[in-house]
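Student: My structure is below; once you've seen it, I'll send some questions.
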Amino acid sequence: MIQLKNVYKKYPNGIVSLNGVNLEINQGEFVYVVGPSGAGKSTFIKMIYREEKPSAGQIMVNGLSLAKLKSKRVPYLRRQIGVVFQDFKLLPRLTVYENIAFALEVIETSPAAIRRRVMEVLQMVGLEHKAKMLPAELSGGEQQRIAIARSIVNIPKVVIADEPTGNLDPDTSWEIMRLFEQINARGTTIIMATHNREVVNAIRHRVIAIEDGLVVRDVAGGDYGYEA
Ligand code: ADP
Ligand code: ADP
(Lines give C-alpha, C1' and ligand atoms only; values in the text may rest on other atoms or scores of the structure.)
(Ligands and ions follow the chains in the order given, each with its own letter.)
Protein backbone atom coordinates (compact mmCIF):
# COMPACT_ATOMS: atom_id res chain seq x y z
CA MET A 1 0.00 0.00 0.00
CA ILE A 2 2.99 2.30 0.53
CA GLN A 3 5.92 2.14 -1.84
CA LEU A 4 9.01 4.32 -2.11
CA LYS A 5 11.35 4.00 -5.08
CA ASN A 6 14.73 5.76 -5.01
CA VAL A 7 13.32 8.58 -2.92
CA TYR A 8 15.72 11.46 -2.59
CA LYS A 9 15.13 14.67 -0.66
CA LYS A 10 17.31 17.72 -0.70
CA TYR A 11 16.08 20.69 1.30
CA PRO A 12 16.49 24.23 -0.12
CA ASN A 13 19.45 24.75 2.26
CA GLY A 14 21.30 21.92 0.50
CA ILE A 15 20.89 19.28 3.21
CA VAL A 16 20.18 15.83 1.76
CA SER A 17 17.81 14.16 4.24
CA LEU A 18 16.85 11.10 2.17
CA ASN A 19 19.44 9.64 -0.13
CA GLY A 20 17.74 6.92 -2.17
CA VAL A 21 15.15 5.16 -0.05
CA ASN A 22 13.45 2.00 -1.35
CA LEU A 23 10.68 0.49 0.76
CA GLU A 24 7.41 -1.35 0.61
CA ILE A 25 4.89 -1.41 3.45
CA ASN A 26 1.80 -3.61 3.22
CA GLN A 27 -1.70 -2.98 4.49
CA GLY A 28 -1.98 -3.94 8.17
CA GLU A 29 1.72 -3.78 8.99
CA PHE A 30 3.08 -2.10 12.12
CA VAL A 31 6.43 -0.49 11.37
CA TYR A 32 8.83 1.28 13.71
CA VAL A 33 11.19 3.79 12.14
CA VAL A 34 14.34 4.21 14.24
CA GLY A 35 17.70 5.92 13.91
CA PRO A 36 19.77 8.77 15.31
CA SER A 37 18.55 12.38 15.43
CA GLY A 38 18.87 14.03 12.04
CA ALA A 39 18.84 10.67 10.21
CA GLY A 40 15.80 11.53 8.09
CA LYS A 41 12.96 9.83 10.02
CA SER A 42 10.69 12.88 10.16
CA THR A 43 11.36 13.66 6.53
CA PHE A 44 10.37 10.10 5.62
CA ILE A 45 7.16 10.42 7.67
CA LYS A 46 6.32 13.80 6.11
CA MET A 47 6.74 12.37 2.62
CA ILE A 48 3.95 9.87 3.19
CA TYR A 49 1.29 12.45 4.05
CA ARG A 50 2.70 14.87 1.49
CA GLU A 51 3.90 17.48 3.96
CA GLU A 52 7.16 17.37 1.96
CA LYS A 53 7.66 16.40 -1.66
CA PRO A 54 10.57 14.24 -2.85
CA SER A 55 13.25 15.94 -4.95
CA ALA A 56 13.48 12.72 -6.97
CA GLY A 57 11.97 9.24 -6.88
CA GLN A 58 8.47 7.84 -6.60
CA ILE A 59 6.06 7.43 -3.71
CA MET A 60 2.80 5.50 -3.95
CA VAL A 61 0.27 5.63 -1.13
CA ASN A 62 -3.01 3.72 -1.54
CA GLY A 63 -2.59 3.75 -5.30
CA LEU A 64 -1.89 7.51 -5.47
CA SER A 65 1.37 8.67 -6.97
CA LEU A 66 2.45 11.49 -4.67
CA ALA A 67 5.05 13.06 -6.93
CA LYS A 68 2.32 13.72 -9.49
CA LEU A 69 -0.45 14.47 -7.01
CA LYS A 70 -2.06 17.87 -7.60
CA SER A 71 -2.33 20.15 -4.58
CA LYS A 72 -6.09 20.05 -4.74
CA ARG A 73 -5.98 16.25 -4.34
CA VAL A 74 -3.90 16.41 -1.15
CA PRO A 75 -7.02 16.57 1.08
CA TYR A 76 -8.20 13.35 -0.60
CA LEU A 77 -4.88 11.70 0.34
CA ARG A 78 -4.96 13.06 3.91
CA ARG A 79 -8.41 11.64 4.49
CA GLN A 80 -6.83 8.20 4.14
CA ILE A 81 -4.01 8.98 6.55
CA GLY A 82 -4.17 9.79 10.26
CA VAL A 83 -1.24 11.72 11.72
CA VAL A 84 -0.09 11.83 15.36
CA PHE A 85 2.69 14.12 16.56
CA GLN A 86 5.02 14.25 19.57
CA ASP A 87 3.54 17.60 20.65
CA PHE A 88 -0.10 16.55 19.99
CA LYS A 89 -0.97 19.63 17.87
CA LEU A 90 -4.50 20.01 19.19
CA LEU A 91 -6.20 23.31 18.42
CA PRO A 92 -6.04 25.15 21.79
CA ARG A 93 -9.26 27.17 21.51
CA LEU A 94 -11.44 24.22 20.57
CA THR A 95 -12.84 21.69 23.00
CA VAL A 96 -11.82 18.05 22.84
CA TYR A 97 -15.09 17.28 21.03
CA GLU A 98 -14.57 20.11 18.54
CA ASN A 99 -10.95 19.11 17.86
CA ILE A 100 -12.14 15.68 16.73
CA ALA A 101 -15.29 16.84 14.92
CA PHE A 102 -13.18 19.41 13.05
CA ALA A 103 -11.00 16.65 11.58
CA LEU A 104 -14.01 14.62 10.47
CA GLU A 105 -14.48 14.93 6.74
CA VAL A 106 -18.18 15.54 6.55
CA ILE A 107 -19.66 14.12 3.38
CA GLU A 108 -23.43 14.12 3.59
CA THR A 109 -23.29 13.09 7.21
CA SER A 110 -26.10 14.10 9.56
CA PRO A 111 -25.25 15.99 12.78
CA ALA A 112 -26.44 12.96 14.76
CA ALA A 113 -24.07 10.68 12.82
CA ILE A 114 -21.17 13.08 13.38
CA ARG A 115 -21.89 13.14 17.09
CA ARG A 116 -22.09 9.36 17.18
CA ARG A 117 -18.74 8.97 15.41
CA VAL A 118 -16.93 11.54 17.59
CA MET A 119 -18.27 9.96 20.78
CA GLU A 120 -17.33 6.51 19.47
CA VAL A 121 -13.65 7.43 19.04
CA LEU A 122 -13.64 9.30 22.36
CA GLN A 123 -14.96 6.15 23.99
CA MET A 124 -12.29 4.09 22.29
CA VAL A 125 -9.58 6.21 23.89
CA GLY A 126 -11.47 6.28 27.21
CA LEU A 127 -12.10 10.03 27.40
CA GLU A 128 -15.76 10.52 26.51
CA HIS A 129 -16.23 12.27 29.87
CA LYS A 130 -13.73 14.98 28.85
CA ALA A 131 -15.47 15.97 25.61
CA LYS A 132 -16.22 19.52 26.76
CA MET A 133 -12.76 20.33 28.12
CA LEU A 134 -10.06 22.34 26.42
CA PRO A 135 -6.72 20.65 25.55
CA ALA A 136 -4.84 22.71 28.17
CA GLU A 137 -7.06 21.19 30.88
CA LEU A 138 -5.80 17.71 30.04
CA SER A 139 -2.58 15.87 30.91
CA GLY A 140 -0.06 15.15 28.15
CA GLY A 141 -1.17 11.53 27.95
CA GLU A 142 -4.82 12.58 27.67
CA GLN A 143 -3.97 15.10 24.96
CA GLN A 144 -2.21 12.37 23.01
CA ARG A 145 -5.27 10.13 23.37
CA ILE A 146 -7.36 12.91 21.87
CA ALA A 147 -4.86 13.33 19.04
CA ILE A 148 -5.11 9.59 18.40
CA ALA A 149 -8.92 9.77 18.42
CA ARG A 150 -8.69 12.62 15.90
CA SER A 151 -6.32 10.60 13.72
CA ILE A 152 -8.75 7.68 13.35
CA VAL A 153 -12.07 9.53 13.14
CA ASN A 154 -12.11 9.25 9.33
CA ILE A 155 -11.26 5.52 9.51
CA PRO A 156 -7.93 5.93 7.66
CA LYS A 157 -6.06 3.00 6.14
CA VAL A 158 -2.83 4.16 7.73
CA VAL A 159 -1.85 6.07 10.87
CA ILE A 160 1.52 7.79 10.92
CA ALA A 161 3.05 8.80 14.23
CA ASP A 162 6.19 10.88 14.73
CA GLU A 163 7.59 10.16 18.21
CA PRO A 164 4.13 9.86 19.78
CA THR A 165 5.54 8.95 23.20
CA GLY A 166 8.44 11.42 23.10
CA ASN A 167 6.85 13.81 25.62
CA LEU A 168 5.27 11.19 27.87
CA ASP A 169 6.39 9.32 30.99
CA PRO A 170 6.93 5.54 30.72
CA ASP A 171 3.54 4.45 32.18
CA THR A 172 1.65 6.82 29.92
CA SER A 173 3.75 5.69 26.95
CA TRP A 174 2.66 2.08 27.47
CA GLU A 175 -1.00 3.16 27.54
CA ILE A 176 -0.56 5.08 24.32
CA MET A 177 1.14 2.06 22.73
CA ARG A 178 -1.83 -0.12 23.73
CA LEU A 179 -4.09 2.20 21.73
CA PHE A 180 -1.87 1.92 18.66
CA GLU A 181 -1.93 -1.87 19.07
CA GLN A 182 -5.75 -1.80 19.12
CA ILE A 183 -5.88 0.38 16.01
CA ASN A 184 -3.43 -1.95 14.24
CA ALA A 185 -5.48 -5.00 15.31
CA ARG A 186 -8.38 -3.56 13.31
CA GLY A 187 -6.27 -3.73 10.15
CA THR A 188 -4.92 -0.17 10.09
CA THR A 189 -1.29 0.18 9.02
CA ILE A 190 0.86 1.95 11.64
CA ILE A 191 4.12 3.71 10.83
CA MET A 192 5.80 5.08 13.93
CA ALA A 193 9.08 6.98 14.23
CA THR A 194 10.38 6.45 17.75
CA HIS A 195 13.37 6.68 20.10
CA ASN A 196 11.62 4.47 22.67
CA ARG A 197 13.88 1.43 22.85
CA GLU A 198 11.92 -0.21 25.71
CA VAL A 199 8.74 -0.13 23.63
CA VAL A 200 10.42 -1.36 20.43
CA ASN A 201 12.13 -4.22 22.25
CA ALA A 202 8.98 -5.27 24.13
CA ILE A 203 6.25 -4.94 21.51
CA ARG A 204 7.92 -6.53 18.52
CA HIS A 205 7.17 -5.30 15.01
CA ARG A 206 9.06 -4.61 11.81
CA VAL A 207 11.95 -2.21 12.46
CA ILE A 208 13.31 0.06 9.75
CA ALA A 209 16.47 1.90 10.72
CA ILE A 210 17.43 5.07 8.86
CA GLU A 211 20.90 6.61 9.05
CA ASP A 212 22.14 9.52 6.97
CA GLY A 213 19.07 9.32 4.75
CA LEU A 214 19.45 5.60 3.95
CA VAL A 215 17.65 2.48 5.14
CA VAL A 216 20.44 0.56 6.89
CA ARG A 217 18.32 -2.18 8.50
CA ASP A 218 14.86 -3.62 7.87
CA VAL A 219 13.95 -6.55 10.12
CA ALA A 220 10.59 -8.18 10.91
CA GLY A 221 10.20 -8.36 14.71
CA GLY A 222 13.56 -6.64 15.09
CA ASP A 223 15.01 -4.91 18.13
CA TYR A 224 15.76 -1.23 18.65
CA GLY A 225 19.41 -1.84 17.97
CA TYR A 226 21.01 1.28 19.46
CA GLU A 227 22.64 1.64 22.88
CA ALA A 228 20.74 3.75 25.42
P1 ADP B 1 15.10 12.88 12.18
O2 ADP B 1 13.60 12.91 12.19
O3 ADP B 1 15.65 11.51 11.98
O4 ADP B 1 15.71 13.56 13.36
P5 ADP B 1 14.85 14.82 10.02
O6 ADP B 1 14.13 14.19 8.90
O7 ADP B 1 14.10 15.74 10.90
O8 ADP B 1 15.58 13.68 10.88
O9 ADP B 1 16.10 15.62 9.45
C10 ADP B 1 17.03 15.07 8.52
C11 ADP B 1 18.01 16.17 8.09
O12 ADP B 1 17.31 17.15 7.34
C13 ADP B 1 18.64 16.90 9.25
O14 ADP B 1 19.94 17.23 8.88
C15 ADP B 1 17.80 18.14 9.39
O16 ADP B 1 18.53 19.20 9.94
C17 ADP B 1 17.41 18.41 7.95
N18 ADP B 1 16.10 19.07 7.84
C19 ADP B 1 14.92 18.62 8.32
N20 ADP B 1 13.90 19.44 7.98
C21 ADP B 1 14.46 20.45 7.26
C22 ADP B 1 13.94 21.62 6.61
N23 ADP B 1 12.64 21.90 6.64
N24 ADP B 1 14.81 22.41 5.97
C25 ADP B 1 16.12 22.12 5.92
N26 ADP B 1 16.68 21.04 6.50
C27 ADP B 1 15.86 20.20 7.16
P1 ADP C 1 -0.28 22.71 8.23
O2 ADP C 1 -0.82 23.88 7.49
O3 ADP C 1 0.47 23.06 9.48
O4 ADP C 1 0.46 21.71 7.37
P5 ADP C 1 -2.55 20.98 8.03
O6 ADP C 1 -3.58 21.77 7.29
O7 ADP C 1 -1.78 19.93 7.32
O8 ADP C 1 -1.57 21.96 8.79
O9 ADP C 1 -3.24 20.33 9.28
C10 ADP C 1 -4.03 21.06 10.18
C11 ADP C 1 -4.13 20.27 11.46
O12 ADP C 1 -4.67 18.97 11.23
C13 ADP C 1 -2.78 20.08 12.11
O14 ADP C 1 -2.93 20.26 13.50
C15 ADP C 1 -2.42 18.65 11.79
O16 ADP C 1 -1.76 18.10 12.91
C17 ADP C 1 -3.75 17.96 11.61
N18 ADP C 1 -3.72 16.97 10.54
C19 ADP C 1 -3.33 17.15 9.27
N20 ADP C 1 -3.49 16.04 8.55
C21 ADP C 1 -4.03 15.13 9.38
C22 ADP C 1 -4.46 13.79 9.22
N23 ADP C 1 -4.40 13.16 8.06
N24 ADP C 1 -4.95 13.15 10.30
C25 ADP C 1 -5.04 13.78 11.47
N26 ADP C 1 -4.66 15.05 11.68
C27 ADP C 1 -4.17 15.73 10.66
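The values are calculated or read from the model by the stated rules, or taken from the named source; none is laboratory data. What you are looking at is a predicted structure, and each value in this text was computed from that prediction instead of being measured. Glycine also receives a Cβ, built like all others from the backbone with ideal geometry; neighbour counts cover every protein chain displayed.
Student: Kindly provide the set of residues from the range 62-78 that are surrounded by 16 or more Cβ atoms within 10 Å (Cβ to Cβ) and either charged (D, E, K, R) or modelled with pLDDT of 95 or more (or both), ordered by number.
Tutor: Matches in the range 62-78: 78 only.
Student: Can you tell me which of 211, 163 is of a type in the set (Asp, Glu), touching a residue at least 60 places away in the same chain (Cβ under 8 Å) and within 16 Å of ligand 2 (Cβ to nearest atom)?
Tutor: Values: 211 fails: within 16 Å of ligand 2 (Cβ to nearest atom).
Going through 211, 163 in turn, just one is of a type in the set (Asp, Glu), touching a residue at least 60 places away in the same chain (Cβ under 8 Å) and within 16 Å of ligand 2 (Cβ to nearest atom): 163.
Student: Could you please let me know if residue 12 is away from ligand 2 (no atom under 16 Å from the Cβ), assigned to a loop (DSSP other than H, G, I, E, B), buried (at least 16 other Cβ atoms within 10 Å of the Cβ) and of a type outside the set (S, T, N, Q)? Walk me through it before giving the result.
Tutor: Working: away from ligand 2 (no atom under 16 Å from the Cβ): yes; assigned to a loop (DSSP other than H, G, I, E, B): yes; buried (at least 16 other Cβ atoms within 10 Å of the Cβ): no; of a type outside the set (S, T, N, Q): yes.
Here the answer is no, as residue 12 does not meet what is asked.
Student: Are any residues in the range 80-98 near ligand 2 (Cβ under 7 Å from one of its atoms) and of a type outside the set (D, E, K, R), and if so, which ones? Explain how you work it out, then say what you get.
Tutor: Going through the range 80-98, the residues near ligand 2 (Cβ under 7 Å from one of its atoms) turn out to be 81-83, 85, 89, 91.
Once the filter is applied, which keeps residues that are near ligand 2 (Cβ under 7 Å from one of its atoms) and of a type outside the set (D, E, K, R), the range 80-98 yields 81, 82, 83, 85, 91.
Student: Test residue 5 against the stated conditions and say whether it is closer than 30 Å to residue 226 by Cα, within 16 Å of ligand 1 (Cβ to nearest atom), surrounded by fewer than 21 Cβ atoms within 10 Å (Cβ to Cβ) and touching a residue at least 12 places away in the same chain (Cβ under 8 Å). Walk me through it before giving the result.
Tutor: Working: closer than 30 Å to residue 226 by Cα: yes; within 16 Å of ligand 1 (Cβ to nearest atom): no; surrounded by fewer than 21 Cβ atoms within 10 Å (Cβ to Cβ): yes; touching a residue at least 12 places away in the same chain (Cβ under 8 Å): yes.
Here the answer is no, as residue 5 does not meet what is asked.
Student: Also: Criterion first (touching a helix residue (DSSP H, G or I) at 6+ places or on another chain (Cβ under 8 Å) and within 11 Å of ligand 2 (Cβ to nearest atom)) does residue 61 satisfy it?
Tutor: For residue 61, the condition - touching a helix residue (DSSP H, G or I) at 6+ places or on another chain (Cβ under 8 Å) and within 11 Å of ligand 2 (Cβ to nearest atom) - is not met.
Student: Can I ask one more? May I ask you to list the residues in the range 197-221 that are farther than 20 Å from residue 27 by Cβ, surrounded by fewer than 19 Cβ atoms within 10 Å (Cβ to Cβ) and small (Gly, Ala, Ser)?
Tutor: Matches in the range 197-221: 202 only.
Student: Filtering the range 23-58 down to residues that are on the phi > 0 side of the Ramachandran plot and away from ligand 2 (no atom under 16 Å from the Cβ), which residue is surrounded by the fewest Cβ atoms within 10 Å (Cβ to Cβ)?
Tutor: Filtering the range 23-58 for residues on the phi > 0 side of the Ramachandran plot gives 28, 35, 38, 40, 50, 57.
Next, from what is left, pick out any that are away from ligand 2 (no atom under 16 Å from the Cβ): 28, 35, 38, 40, 57.
Working: 28: 15, 35: 23, 38: 13, 40: 26, 57: 18.
Here the answer is 38.
Student: Quick check on my filter: what residues within the range 66-110 are closer than 28 Å to residue 128 by Cα, of a type in the set (A, V, I, L, M), away from ligand 1 (no atom under 16 Å from the Cβ) and touching a strand residue (DSSP E or B) at 6+ places or on another chain (Cβ under 7 Å)?
Tutor: The answer is 81, and nothing else.
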